[in-house]
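Notes for the one structure printed next.
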Amino acid sequence: MLGFWTRPLAFLERCRARYGKRFTLQFPLAPSFVMITEPEQIKQVFTAPPDILRPGEGARVLQPIVGDNSVILLDGGVHMEQRKLMLPAFHGERMERLTGLIENVAESEVGAWNGATELELHPRMQRLTMEIILRAVFGLDPGDRLDALRDRLARLAAYGDKPITLLGQPPEWLEPTLNRFGPVAGFLDLRAEIDALLFEQIAERRADPGERDDILSILLEARHEDETPMSQQELRDELLTLLIAGHETTATTLAWAFERLVREPAALGRLVAEIDAGDGDEYLTATIRETLRRRPVLPNNAPRLVAKPIEVGGWNFEPGVCLVPNAYLVHHDPDLYPDPYAFRPERWLDQSPGTYTWIPFGGGRRRCLGASFALLEMGIVLRAVLSAYELRPIAGKPELARRRNITVRPGGGSAVAVGAREARVPVAA
């Protein structure tokens, strides 16, 4: 537990070097976690029937935040029904309608850096992606409710810095004590305040939906198979699911992208040249893919709880253990990626990501619903920042990885030196 928290990636590397490509971790109050890192075995895990492997039960550590109705925590037919309700919100046409809003929020945040000489970009990216979630997903307009939710959700996210968030469900006899004292009590009070604000927003929008493009509007229109709308609690749980899945993960990926790029001047120069030319996004896409390969912010991808005996890769697993496709280790397997520790976006110019060898968004029936939204957002933010500023590293050494709940972030906050770029003069035809 100590190694997993304090040195999350180095600990995984050390375990693989000592025990091989498949090994088991045991945490307090949690089932055994079996790390799966070979593509064929990852395929077996991703494609196993939901009555045999249950990703929802494997992700119960998130239940206190996202609630029981979250698509992340559901399994089987209930999961597929809830997933179908949410899928229309992430279709290409819907994403295109949100592009202008994301661009405006990004440009506003980046414009506020004017005059800065050094910045930690991770907290800036957290603030930016939080604003995008509140505006594009929750459908909030600027005002008191948005400000109140921003403050409370930021404090909720900070709770993820505490190691207690990795513990499983405590024994029933211990819950009343935990719920009354210490960080858990503060968390429960904060969650209640957030719920009250969200229920207000949902009730107001249900009463007067209007013509809007945000994701809450689409969820309000969704209907179950029996034609009933999503309940207030369902909407609350799915909104917080989108926050957890799309705020911290996207912010941290962007922070890692800048942490890598400032230490790779050739890659940074090529990306800036493409952005300046405005004639495509091939290298931008490759850069995002390589960042997600090199620094997947969720190294342990969607644990699946074994519900019935299953054989994977020649080993038999009994009910009660979790099988965990490990994105970090498969992304750094030299048998799959030549020179795996090098940051080389060029590797993606001539190939597409493999279904079972590039898994930052998971896979199978549980692939991240918001992957297209995250990729759109990352591209817009990278363009906005690199069009306005020159970035340089403050420290020569790469920043160490540090854990924040289930994500892994740059330990130095993605610290960079910042300088405004000179205005570009278009070249006459």
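The values are calculated or read from the model by the stated rules, or taken from the named source; none is laboratory data. As the structure is a computational prediction, the values presented were derived from the model and not from experiment. Reconstructed Cβ throughout: ideal geometry from the backbone, glycine too, with neighbour counts over all protein chains shown. Side chains included, ligands, DNA and RNA excluded: accessible areas come from the protein's heavy atoms. Shrake-Rupley method; radii C 1.70, N 1.55, O 1.52, S 1.80 Å.
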TODO: Can you tell me which of 91-104, 72-85 comes out highest on packing, and rank the rest after it, using the mean Cβ neighbours within 10 Å?
DONE: 72-85, 91-104
Open item on the list: Please list 3J(HN,Hα) in residue order for segment 268-276, calculated via the Karplus relation 6.51 cos²θ - 1.76 cosθ + 1.60 where θ = phi - 60°; whole Hz, with x for glycine and proline.
Closed with: 4, x, 5, 5, 4, 4, 5, 5, 4
TODO: Could I have the simple spin-label model distance between ARG155 and LEU336, label points 7 Å from Cα toward Cβ, reported in nm to one decimal?
DONE: 4.1
Open item on the list: Give me the extension gain from ALA395 to SER32: residue separation times 0.36 nm, minus the current Cα-Cα distance, reported in nm with one decimal.
Closed with: 126.8 nm
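Quick check: with the 1.4 Å probe, what order do TRP5, TRP315, TRP348 take by accessible area, largest first? Intermediate results must be reported in sequence, preceding the final value.
Details: TRP5 40, TRP315 145, TRP348 10 Å².
Per-residue accessible area, sorted high to low, gives TRP315, TRP5, TRP348.
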Open item on the list: Restricting to Cα pairs below 8 Å that are 6+ residues apart, what does the relative contact order work out to for segment 193-262? Please round to a whole percent.
Closed with: 27
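Efficiency by 1/(1 + (r/R0)^6): what FRET value for ILE52 and ASN114, r their Cβ-Cβ distance, R0 = 45 Å, to the nearest 0.05?
Details: r = 55 Å, r/R0 = 1.23.
Calculated transfer efficiency: 0.25.
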Open item on the list: To check my understanding: the extent here is largest minus smallest coordinate of the Cα atoms along each principal axis. What are those three numbers for the chain, in Å, largest first?
Closed with: 69, 58, 42
TODO: With just the Cα atoms of segment 23-74, tell me how far they stretch along each of the three principal axes, in Å, largest first.
DONE: 33, 26, 16
Task: Kirkwood-based Rg to Rh ratio, segment 225-302, C-alpha trace - done: 1.19
- [ ] Collect residues whose amide H, placed 1.01 Å from N in the peptide plane, falls under 5 Å from the amide H of VAL312; neighbours closer than 5 in sequence don't count.
- [x] PHE317
Open item on the list: Let me check I've understood the local charge: for ILE359, count other residues with C-beta under 10 angstrom from its C-beta, Lys and Arg +1, Asp and Glu -1. What total comes out?
Closed with: +2
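Which value at 222 nm does the chain reach when only helices count, each DSSP H run of 4 or more adding -39,500 (n - 2.57), with the total divided by all residues and rounded to the nearest 500 deg cm²/dmol? Mind dumping the intermediate values first?
Working: 18 runs with 205 residues, N = 429.
Rounded to the nearest 500, it is -14500 deg cm²/dmol.
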Open item on the list: Using the Karplus curve 6.51 cos²θ - 1.76 cosθ + 1.60 with θ = phi - 60°, what ³J(HN,Hα) values do you get for each residue of segment 237-251, in whole Hz, with x for Gly and Pro?
Closed with: 5, 6, 5, 6, 4, 5, 5, 5, 6, x, 8, 5, 5, 5, 4
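If the chain between ASP226 and ASP281 were fully stretched, how many nm would it gain, using 0.36 nm times the residue separation less the Cα-Cα distance?
Details: separation 55, 0.36 × 55 = 19.80 nm, distance 4.33 nm.
Using 0.36 nm per residue and subtracting the Cα-Cα distance, I get 15.5 nm.
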Task: ³J(HN,Hα), Karplus 6.51/-1.76/1.60, whole Hz, each residue of segment 392-400, x for Gly, Pro - done: 9, x, 8, 10, x, 6, x, 6, 6
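Which FRET efficiency value, to the nearest 0.05, do you get for ARG18 and SER217 by plugging their Cβ-Cβ distance into 1/(1 + (r/R0)^6) with R0 = 51 Å? Working shown, then result.
Numbers: r = 51 Å, r/R0 = 1.01.
The value I calculate is 0.50.
Taking the mean number of other Cβ atoms within 10 Å as a proxy for protection, how do you rank 124-131, 384-391 from highest to lowest? Mind showing how you got there, number by number?
Working: 124-131: 22.8, 384-391: 18.8.
Descending mean neighbour count gives 124-131, 384-391.
When the convex hull of the Cα atoms of segment 292-429 is projected onto a plane and the area is averaged over all directions, what value comes out in nm²? Let's see the in-between values first.
Numbers: hull surface 50.1 nm².
Here the figure is 12.5 nm², rounded to one decimal.
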Open item on the list: Explain nothing, just the number: relative contact order of the chain, from Cα pairs under 8 Å at least 6 residues apart, as a whole percent.
Closed with: 28
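Output the relative contact order of segment 327-429, whole-number percent, from Cα pairs under 8 angstrom with separation of 6+ residues. Could you put the intermediate results ahead of the total?
Values: 61 pairs, mean separation 18.5, N = 103.
Result for segment 327-429 is 18 percent.
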Task: Estimated FRET transfer efficiency (ARG206, ARG127; beta-carbon r; R0 45 Å; 0.05) - done: 0.95
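Subtracting the Cα-Cα distance from 0.36 nm times the residue separation, let me have the gained length for GLU107 to GLU318 in nm, one decimal. The partial results should precede the final answer.
On the way: separation 211, 0.36 × 211 = 75.96 nm, distance 5.18 nm.
Contour length minus the Cα-Cα distance gives 70.8 nm.
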